[in-house]
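Read the figures in this text as sums done on the coordinates, not as results from a lab. The model shown is predicted, which means the values in this text are computed figures rather than measured ones. Reconstructed Cβ throughout: ideal geometry from the backbone, glycine too, with neighbour counts over all protein chains shown.
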Amino acid sequence: MDRIRIRGGNALNGTIPISGAKNAALPLMIASLLTDDTLTLENVPHLADVEQLIRILGNHGVDYTVSGKRLATQPSSGRTIHFTARTIVDTTAPYELVSKMRASFWVIGPLLARCHKARVSLPGGCAIGTRPVDLFIEGLQALGATIDIDAGYIVAEAKGGLVGNRYTFPKVSVGATHVLMMAASLAKGQTVIENAAREPEVADLAACLNAMGAKISGAGTATITIDGVSALSGARHRVLPDRIETGTYAMAVAMTGGDVTLEGTHSGLLQTALTALGDAGAEITDTANGMRIVRNGGGIRPVDVVTDPFPGFPTDLQAQFMALMTRSDGVSHITETIFENRFMHVQELARLGAKISLSGQMARVEGVPRLVGAPVMATDLRASVSLVIAGLVAEGETLVNRVYHLDRGFERLEEKLGACGAEVERISG
């Protein structure tokens, strides 16, 4: 099992190319089930989750080809993948596949819309909480689907097809917004989704669906209107930049000091997080093709944050920001409102010398003058990269175990950091 070894103490200086967003690529890939034409996606990151979803889509009959192979000298160029679901050969998503990646549950929307039936395994729990699927079920029922649960599977049917309706989510859900928007694209009549997720990835999916012939307006706001069409065609779409990768590297620069340009991204993707980063002492400026992060000389100031759906502070940057706050000149408070059990990185950061105490869903972080390297264990994707950020300033050697979590969401992390002066390497086996 691979590990990452870090020797801390080096400031980051240089350029880091930002990859395509995993959280956008996955629903875009699933949208290929909605048409028998070819959907071409550009700037697809090379990640474990992407490869797993390709295998899952293949189970339903989706063929794919890859062009524009990534060159080692151009790590930000991404891949172009062509997905063709000419014939849906199986409307069942089995447990052995869905259990490996929760996002694969989202195939229920396109399968129900196109084939009028789907049998999809319940995904079960995960390391950062249960994340129930009741919002998905209620939304699809509002479009006329009949849904039963049988032996751990959701069995959905829409004889004659889905029918548009007005539905208000009782709680904001990015995944459920993706699913309902895809399903409603082929429903009869108009669907209005209230209290929809406003994340950039939702707007990106809507843009792709519109390029395929859908009629969607309001994506990126709390109210999305979809006028159903009888069929969708193929299209070509470029995956938007990864805002979580953007924020992660920005926080790494703030942690270590230095001067780094993040290429191929833009500040509008995560303004709230960048505001918090600026309050902590980093200087952030837009460039022609990205943004520049600088922290030279001054210390890290304590900042309180509360995670919230977009445009609030992203839960997927909470662990990284906590790592940054371990070296602040004071006390900060971080409140997690999205997922339960998303503080498992706290004990691992403590192994490096961090002083963090928990009270329910709030963490009190008392900044310390130094961290000291130690072996640590990654518990989930975002927690794992928070340990890397801490390791970049820890004295001596930090060894991050279970880095397969990192490979799910960060492309060539050690190469990107190494190119900017970090002493970081992957140890195989």
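Average projected area of the Cα convex hull of the range 24-238, in nm²? It is 11.0 nm². Size descriptors for the range 161-320 (Cα atoms only): Rg and Dmax, in that order, 18.6, 62 Å. Which of 196, 254, 103 moves the most in a Gaussian network model of the chain with Cα springs under 10 Å? Evaluated over the chain, the most mobile residue of the options is 103. Straight-line cross-link partners of residue 355 among the aspartates and glutamates, defined as a Cα under 13 Å from its Cα and at least 8 positions apart when in the same chain: 329, 366.
Only helices enter the 222 nm calculation for the chain: every DSSP H run of n ≥ 4 contributes -39,500 (n - 2.57), and dividing by all residues gives -8500 deg cm²/dmol, rounded to 500. For the options 222, 183, 319, a Gaussian network treatment of the chain with springs between C-alpha atoms closer than 10 Å singles out 222 as fluctuating the most. Beyond 27 Å, what percent of the Cα pairs of the chain remain? That tail contains 51 percent of the Cα-Cα pairs. Each eigenvalue of the Cα gyration tensor of the range 169-244, multiplied by 5 and square-rooted, gives one semi-axis; in descending order these are 18, 17, 8 Å.
When you filter the trypsin sites (Lys or Arg not before Pro) in the range 258-340 for DSSP loop state and at most 15 other Cβ atoms inside 10 Å of their Cβ, nothing is left. Rounded to two decimals, the Cα-based Rg/Rh of the range 235-288, with Kirkwood Rh, is 1.01. Spin-label pair residue 227-residue 362: with each label point 7 Å from Cα along the Cα-Cβ axis, the two points sit 4.9 nm from one another. If the chain linking residue 117 and residue 399 were pulled fully straight, counting 0.36 nm for each residue of separation and taking away their Cα-Cα distance, it would gain 96.8 nm. Backbone geometry of the range 88-95 corresponds, through the Karplus equation with coefficients 6.51, -1.76 and 1.60 at θ = phi - 60°, to 3J(HN,Hα) couplings of 7, 8, 7, 9, 9, 10, x, 4 Hz, x marking Gly and Pro. Karplus-derived 3J(HN,Hα) values for the range 350-365, using 6.51 cos²θ - 1.76 cosθ + 1.60 with θ = phi - 60°, are 4, 5, 8, x, 5, 10, 10, 10, 10, 9, x, 9, 10, 10, 9, 10 Hz; glycine and proline are entered as x. The slack between residue 51 and residue 159, meaning 0.36 nm per residue of separation minus the straight C-alpha distance, is 35.6 nm. Packing here is the average count of other Cβ atoms within 10 Å per residue, and on that basis the peptides 24-35, 357-368, highest first, run 24-35, 357-368. Checking the cross-link pairs 188/215; 22/171; 100/159; 117/188 against a 21 Å limit on the alpha carbon distance flags 22/171; 100/159 as lying beyond it.
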